[in-house]
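Where a number appears in this text, it was derived from the coordinates with a stated rule and is not lab data. As the structure is a prediction and not an experimental result, all values here were calculated from the model. All Cβ positions, even for glycine, are placed from backbone atoms using ideal geometry, and neighbour counts span all protein chains on display.
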Amino acid sequence: ADLVLGEEVFNNNCAACHMGGNNSVQNEKTLRKSALEQYLAGGFNQDAIVYQVENGKNAMPAWADRLDEDEIQAVAAFVFSQASGDLW
Ligand code: HEM
């Protein structure tokens, strides 16, 4: 997937709550690897991120109707890459 597109999608749609890989609504549920391993349904993998983006969870809205499939794949790849490389 396209990490440049993913970063753009992230900045336009996700950074409102997840600036810098943080979580301004549920503070412990960051986008860092350790938090994803602990809290993300399905564990730390790109498909699990896609699932949460498409469906939302609790206070996080669903994006399936607001982003294209290629945008969802790209933003999930960006989040996974940032977390994997400890880049946040
Ligand atoms: C959790 C990604 C937009 C609020 C998460 C998690 C991911 C994620 C991967 C799991 C984090 C964890 O469990 O440690 C994204 C992406 C977004 C996006 C890629 C853009 C497409 C937003 C927005 C908000 C938001 C705009 C606020 C309105 C939350 C909340 C959680 C969460 C509250 C915790 C959900 C829970 O487990 O109760 N997000 N997010 N997210 N996100 Fe987002």
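Taken over the range 37-46, the criterion of being within 13 Å of Ser84 (Cα to Cα) and either near the ligand (Cβ under 6 Å from one of its atoms) or not in a loop (DSSP other than H, G, I, E, B) (or both) is satisfied by Glu37, Gln46.
Restricting to the range 47-75, what's the tally of residues that are free of Cβ contacts under 8 Å to residues at least 40 places away in the same chain, touching a Gly at 6+ places or on another chain (Cβ under 7 Å) and not in a loop (DSSP other than H, G, I, E, B)? Qualifying residue count for the region: 2. Checked against (1) within 10 Å of the ligand (Cβ to nearest atom); (2) over 21 Å from Leu5 (Cβ atoms); (3) touching a residue at least 40 places away in the same chain (Cβ under 8 Å), Phe78 meets all criteria but (2). Restricting attention to the range 49-70 and to residues that are near the ligand (Cβ under 9 Å from one of its atoms) and surrounded by fewer than 16 Cβ atoms within 10 Å (Cβ to Cβ), the residue that is nearest to Leu5 (Cα to Cα) turns out to be Arg66. Residues in the range 1-15 that are part of a helix (DSSP H, G or I), within 12 Å of the chain's Cα centre (by Cα) and hydrophobic (A, V, I, L, M, F, W, C): Val9, Phe10, Ala15.
If a residue has to be surrounded by 12 or more Cβ atoms within 10 Å (Cβ to Cβ) and near the ligand (Cβ under 9 Å from one of its atoms) to count, how many in the range 27-36 make the cut? So the answer is 6. Restricting the range 16-26 to residues that are in contact (Cβ under 8 Å) with a residue 24 or more places away in the chain and in a helix (DSSP H, G or I) leaves a set whose member that is farthest from the ligand (Cβ to nearest atom) is Gly20.
Please tell me if Asp86 is loosely packed, with under 13 Cβ neighbours inside 10 Å and without any contact (Cβ under 8 Å) to a residue 24 or more places away in the chain. Considered against the rule, which asks whether it is loosely packed, with under 13 Cβ neighbours inside 10 Å and without any contact (Cβ under 8 Å) to a residue 24 or more places away in the chain, Asp86 comes out as no.
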